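Colleague: Provided herewith is a single structure, encoded as structure tokens, for subsequent inquiry.
Rule-based calculations on the coordinates, nothing more; no lab input. Remember, predicted model here, so these are calculated numbers, not experimental data. All Cβ positions, glycine included, derive from the backbone under ideal geometry; neighbour counts span all protein chains shown.
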Amino acid sequence: MEQAMAQTNFSLEEMDRQSLLHPATSIADHLKNGPTIIAGGHGVRVRDRHGRELIDCGAGLWCVNVGYGRAELGEAAAKAMAELGYYHLFGSYSNEPVIRLADRLLSLFRDRAGAGHLSKVFFGTSGSDANDTNYKLVRYYNNLLGRPQKKKVISRHGAYHGLTYAAGSLTGIPAFHRAFDLPIEGVLHTSCPHFYRFAEPGEDEAAFTRHILRDLEELIHREGAETIAAFIAEPIMGTGGVLMPPAGYFAQVQELLREHDILFIADEVITGFGRTGAWFATGLYDLKPDIVTLAKGITSAYFPLSASVISDGIWTVLRDASPEMGPLMHGFTYSGHPVGGAVGLANLDIIEREGLVENSARIGPSMRQRLADRLADNPYVGEVRGEGLMIAVEFVADKKTRRFFDPDKQVHRLVSRAAYDQGLILRALPLAEIVSFSPPLCITESEADEAVERFTRGLDRAMPELRQLAKS
């Protein structure tokens with residue numbers, strides 16, 4: 001009691017520093033400079049507890065697709081809590097909101113993405129736990145088929161698939177592995193499909209695709225296709241830097257996977273629910289995945305919810321083995337939470353009613369073009385790229401020779417801080433010198449213009465330091 005009373009004399013910032021361990025945060029920097037406490041938000045804007053307004057071009061963590069302050073989502077949650085605050089799905093129990101949400105997700109994939117082969121939905125609470133579920137399912141699937149040696153999973157350098165034990169291993173960004181004893185045995189990584197950074201001199205996109213496909217094929221042959229269960233990929237690599245698939249990439253990858261009987265997991269945690277200007281990148285890129293990972297935009301992050309959507313082929317194997325195997329012994333306390341189901345349904349209503357997928361398809365390209373036009377003459381901007389409202393700016397020390405900055409200089413964090421000083425929140429991404437723009441899908445043309453203006457003002461302020469760092 002005395003300790004609690006003493007803490008009332010501390011500022012909220014000091015209470016944070018004394019009480020919280022923050023994810024993906026430098027402890028040393030946080031104790032010196034943090035925290036930034038966000039107190040509220042509306043639309044694409046948030047405000048800190050001192051009343052400063054900021055345009056959030058991160059949509060939180062790529063996730064607040066419908067924007068902040070959507071009272072109807074809170075009302076849907078309150079109604080669901082009043083009716084059934086919680087019940088589980090273990091042992092054949094169920095509830096109406098998650099039944100309807102699962103049915104609606106499958107209908108969206110069938111009608112908006114041409115993926116009618118997807119058959120069942122397993123719910124969790126985060127993209128990380130969904131990818132851990134996927135990792136277990138592909139092992140379970142192959143055991144049921146009598147192929148106990150077919151267990152390895154191939155991911156890609158630069159991939160982000162979450163931070164739990166298996167998902168953190170599937171992630172291909174070294175910073176997330178350091179001192180955590182990751183990746184685990186059985187997770188393999190193949191080439192990063194980042195044409196701008198990794199193409200050989202004189203190599204066009206088609207040649208680059210052939211090059212990295214050879215890398216994948218050689219990995220499969222070296223390990224033995226009979227030992228490889230699955231390949232996991234984000235259709236557009238988000239946290240790795242908004243890395244676009246090069247020309248012909250996924251068509252050839254899928255052909256290779258089919259040839260070797262390797263399952264394909266499409267991680268749509270970021271790309272799902274309109275971020276790319278399509279409902280799902282599965283449809284945008286004509287993918288035929290065996291499993292799709294969903295989270296983030298499924299509730300616009302108003303409630304923690306994720307989903308693993310599995311194909312009819314996988315479902316059939318699980319179903320046919322059930323009489324002998326007994327229950328599927330996997331699940332979480334909060335799998336299929338009724339409040340999450342209700343919030344997910346209300347969120348999808350907003351996306352459809354307000355045409356937010358179409359808005360992403362309209363505003364995204366114009367915002368990307370405005371950035372490209374404003375930054376065309378900047379000697380330290382190498383590339384502006386993206387799809388829909390998923391955009392990146394990559395920095396280089398020398399644009400003509402494509403010489404990259406020393407990673408230790410962290411120039412993208414410098415630019416991100418300068419943009420913040422102008423009232424804009426950006427993500428400085430962990431793999432390379434890249435900042436991302438992923439605002440809520442409700443952003444307007446004028447708000448996109450304002451965001452670009454704030455960014456360019458911040459970049460202008462950072463230019464003297466960039467010049468110095470480019471020389472070092």
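Colleague: For the chain, what's the relative contact order in percent, using C-alpha pairs closer than 8 Å and at least 6 residues apart?
Modeller: 20 percent
Colleague: Among residues other than Ala167 whose Cβ falls under 10 Å from its Cβ, what is the net charge (Lys/Arg +1, Asp/Glu -1)?
Modeller: Local charge sum for Ala167: -3.
Colleague: Also, quick follow-up: Taking a cut-off of 19 Å between Cα atoms, list the lysines near Lys288, but don't count ones fewer than 8 places away on the same chain.
Modeller: Lys120
Colleague: Which percent, to the nearest 5, of DSSP beta bridges fully inside the chain are antiparallel?
Modeller: Roughly 65 percent of the beta bridges in the chain run antiparallel, per DSSP.
Colleague: Also, I was wondering about something else. Calculate, in nm to one decimal, what Ala251 and Ser11 gain on full extension: separation in residues at 0.36 nm each, minus their alpha carbon distance.
Modeller: 80.9 nm
Colleague: Which of the listed residues, Ala295, Ser311, Phe264, is farthest toward the dipole's positive end in the stretch 185-312, when Lys, Arg count +1 and Asp, Glu count -1 at the beta-carbon?
Modeller: Value: Ala295.
Colleague: Below 23 Å, Cα to Cα, which lysines can Lys79 reach? Residues fewer than 8 away in the same chain don't count.
Modeller: Lys296
Colleague: Starting from the Cα-Cα distance between Glu259 and Ala28, subtract it from 0.36 nm times their residue separation and give me the gain in nm to one decimal.
Modeller: In short, 78.2 nm is gained.
Colleague: Let me ask another. Charges only on Cβ, +1 for Lys and Arg, -1 for Asp and Glu: so what's the dipole of the chain about the Cα centre, in debye to the nearest 20?
Modeller: That gives the chain a dipole magnitude of about 440 debye.
Colleague: Along the charge dipole of the stretch 27-81, Cβ charges K/R +1 and D/E -1, which of Leu73, Cys63, His50 sits furthest on the positive end?
Modeller: His50
Colleague: Report the longest stretch of the chain that contains none of the chymotrypsin sites (Phe, Trp or Tyr not before Pro) sitting in a DSSP loop with at most 12 other Cβ atoms within 10 Å.
Modeller: Of all site-free stretches, the longest is 181-472.
Colleague: Cα to Cα, under 30 Å, and not fewer than 8 places away if on the same chain: which lysines meet these conditions relative to Lys471?
Modeller: Output for Lys471: Lys32, Lys399, Lys400, Lys409.
Colleague: Extending each Cα 7 Å along its Cβ direction at Ala207 and Asp377, get the distance between those two points in nm, one decimal.
Modeller: Distance between the two pseudo-spin positions: 3.3 nm.
Colleague: If you filter the stretch 381-419 for trypsin sites (Lys or Arg not before Pro), then keep DSSP loop positions with at most 13 other Cβ within 10 Å, what is left?
Modeller: Lys400
Colleague: Determine the relative contact order of the stretch 103-207: mean sequence separation of Cα pairs under 8 Å and six or more apart, normalised by residue count, in whole percent.
Modeller: Worked out over the stretch 103-207, it gives 19 percent.
Colleague: Report the one residue of Cys442, Gln468, Gly423 whose Cα lies farthest in the direction of the positive end of the charge dipole of the stretch 419-472 (charges on C-beta: Lys and Arg +1, Asp and Glu -1; origin at the Cα centre).
Modeller: Towards the positive end, the residue furthest out is Gln468.
Colleague: Now for a different question. Can you give the three extents of the C-alpha atoms in the stretch 1-135 along their principal axes, from longest to shortest, in whole Å?
Modeller: That gives 56, 37, 34 Å along the principal axes, largest extent first.
Colleague: What number, rounded to the nearest 500 deg cm²/dmol, is the helix-based mean residue ellipticity at 222 nm of the chain, given -39500 (n - 2.57) per DSSP H run of at least four residues and division by all its residues?
Modeller: -13500 deg cm²/dmol
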